[in-house]
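So the structure is just underneath, and the comments pick up after that.
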Amino acid sequence: QVQLVESGGGLVQVGGSLRLSCAASGRTASSYAMAWFRQAPGKEREFVAAISQSGASTCYADSVKGRFTISRDNAKNMVYLQMNSLKPEDTAVYYCAADTAYYSTTYYYSISWAGSWGQGTQVTVSS
């Protein structure tokens with residue numbers, strides 16, 4: 001397990017951008033695939049994006065593909081989610097998550113996938 005702390009959330013207008021950050025503890029960040037999930041009030045937590053241990057591979061939900069970019073810096077134990085062209089439906093609490101298995105297909109990224117979760121950071125897109 002790793003400890004995860006998200007930051008970078010806030011209020012942004014439709015069409016704007018935000019970059020979320022996730023700080024991971026430990027010296028073995030490269031052992032973990034990382035992912036972002038989000039949860040709107042009254043909605044199920046849903047998968048957003050994942051990145052492989054090396055950062056060479058990424059996977060995105062259809063709803064964000066082409067707008068969001070997940071990246072990582074293993075030397076700094078950091079994972080990022082760059083969010084562009086934001087829409088009101090992107091409003092949610094965003095959670096960083098980690099596990100030892102990376103998958104290239106969104107089907108596998110249920111909430112049960114993650115072995116570790118961050119506390120979440122609120123993103124609000126105003127219309």
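The values are calculated or read from the model by the stated rules, or taken from the named source; none is laboratory data. Treat the numbers as computed from the prediction; the structure is a model and nothing was measured. Methodologically, a virtual Cβ is constructed for each residue, glycine included, from the backbone with ideal geometry; neighbour enumeration extends over all protein chains shown. Remember, those area values only see protein heavy atoms, side chains included, never the ligands or the DNA or RNA. Shrake-Rupley method; radii C 1.70, N 1.55, O 1.52, S 1.80 Å.
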Q: Report, by residue number, each residue of region 10-22 that is in a strand (DSSP E or B) and open to solvent by less than 40 Å² (accessible area, probe 1.4 Å).
A: Gly10, Val12, Leu18, Leu20, Ser21, Cys22
Q. Gln82 fails exactly one of the following numbered conditions: (1) open to solvent by 50 Å² or more (accessible area, probe 1.4 Å); (2) in contact with a strand residue (DSSP E or B) (Cβ under 9 Å, 6 or more places away or on another chain); (3) farther than 17 Å from Ser17 by Cβ. What is the number of that condition?
A. (3)
Q.
Please count how many residues of region 89-114 are more than 14 Å from the chain's Cα centre (by Cα) and either among the hydrophobic types (A, V, I, L, M, F, W, C) or closer than 16 Å to Arg19 by Cα (or both).
A. 1
(Q) Here is a list: Ala50, Ala33, Ala61, Ala56. Which entry is in contact with a Cys (Cβ under 8 Å, 6 or more places away or on another chain) and either more than 14 Å from Val125 (Cβ to Cβ) or of a type in the set (S, T, N, Q) (or both)? (A) Ala50
Q | Thr124, sole failed condition from (1) at pLDDT 95 or above; (2) closer than 22 Å to Gln3 by Cα | A | (2)
Q) Just one of the numbered conditions (1) hydrophobic (A, V, I, L, M, F, W, C); (2) closer than 20 Å to Ser7 by Cα; (3) open to solvent by 40 Å² or more (accessible area, probe 1.4 Å); (4) free of Cβ contacts under 8 Å to residues at least 40 places away in the same chain is not true of Ala56; which one? A) (2)
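When the residues of region 74-92 are narrowed to those that are small (Gly, Ala, Ser) and outside any strand (DSSP E or B), which ends up farthest from Ser112 (Cα to Cα)?
Filtering region 74-92 for residues that are small (Gly, Ala, Ser) and outside any strand (DSSP E or B), the one farthest from Ser112 (Cα to Cα) comes out as Ser85.
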Q. Listed residues Ser71, Ser30; which is open to solvent by 40 Å² or more (accessible area, probe 1.4 Å), of a type in the set (Gly, Ala, Ser), outside any loop (DSSP other than H, G, I, E, B) and modelled with pLDDT under 95?
A. Ser30
Q: Could you please give the count of residues in region 33-60 that are part of a loop (DSSP other than H, G, I, E, B), touching a strand residue (DSSP E or B) at 6+ places or on another chain (Cβ under 6 Å) and over 17 Å from Asp99 (Cβ atoms)?
A: 1
Q) Could you list, in sequence order, the residues of region 1-23 that are over 11 Å from the mean Cα position of the chain (by Cα), more than 13 Å from Tyr95 (Cβ to Cβ) and touching a residue at least 60 places away in the same chain (Cβ under 8 Å)? A) Gln1, Val2, Gln3, Gly10, Leu11, Val12, Gln13, Val14, Gly15, Gly16, Ser17, Leu18
(Q) Tally up the residues in region 93-124 that are assigned to a strand (DSSP E or B), open to solvent by less than 50 Å² (accessible area, probe 1.4 Å), of a type outside the set (Asp, Glu) and farther than 14 Å from Gly8 by Cβ, please. (A) 3
